[in-house]
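Asks: Sending over a structure as structure tokens; questions will come in a sec.
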Amino acid sequence: MNLNPAGKSGRAVRRVAVLIMAGVLAGCASAPMKMERAGGAEIARTREKQGTVVSVRIDTGDRPLGAYTVVLRYDPEAARVLDVEAPGPGGFPGAPMADPATFDTGATPIVGFHVGRAHPRGRVEIARVLLEPRGGGSAGLSVSVRSLYGPGGKPVPGTADVIPPAVKR
């Protein structure tokens, strides 16, 4: 069995993996980071408590998406991230990762990649984020793109949004 394919697809997979790691390291160089996969069981337990789930989406038009880094922004006095979980059916196939140390800072980077054969195009949900509202009123949310890559490791243009764009406290 050949575990190190020398073909074009093997090079593309390695290139995407290197680019993702470079993006994670560059995007998070300001603080030590412990990346964790989103935990479904923890989300289910936490969801029983008070919280709001929002959907983070990316739109790359007709270009396939292989990897991403986005930053969810919020007022840390008004909301706190409790967890980041995988998208629903039809969402991005790779599980999102986030650093729990950023969950109450107001800026939580979310990264993900997929090395399979089928890559989504157009608008696709990449993560669901469980937020804990704090205080009264509502807290605005926004998401910005740090980097988007196609399956071959080349940058692709795109936009990101969060639904709903606010959390009621």
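Just so you know, all these numbers are worked out from the coordinates, no wet-lab data involved. In this text the structure is predicted, and so the values were computed from the model without any measurement. Don't worry about glycine lacking a Cβ; one is built from the backbone with ideal geometry, like all the others, and counts go over all protein chains shown.
Asks: Whose amide H sits under 5 Å from the amide H of SER138, counting only residues 5 or more places off or on another chain, with H placed in the peptide plane?
Replies: Sorted by chain and number, the residues that satisfy this are ARG169.
Asks: Moving on to the next point. Give me the net charge for the shell around SER144: Cβ to Cβ below 14 angstrom, other residues only, Lys and Arg +1, Asp and Glu -1.
Replies: The answer is +1.
Asks: Oh, and also: Could you give each residue of the stretch 112-124 its phi-based ³J(HN,Hα) in whole Hz, using Karplus coefficients 6.51, -1.76, 1.60 with θ = phi - 60°, and x for Gly or Pro?
Replies: Per-residue couplings from phi come out as x, 8, 9, 10, x, 7, 8, 10, x, 10, x, 7, 9 Hz.
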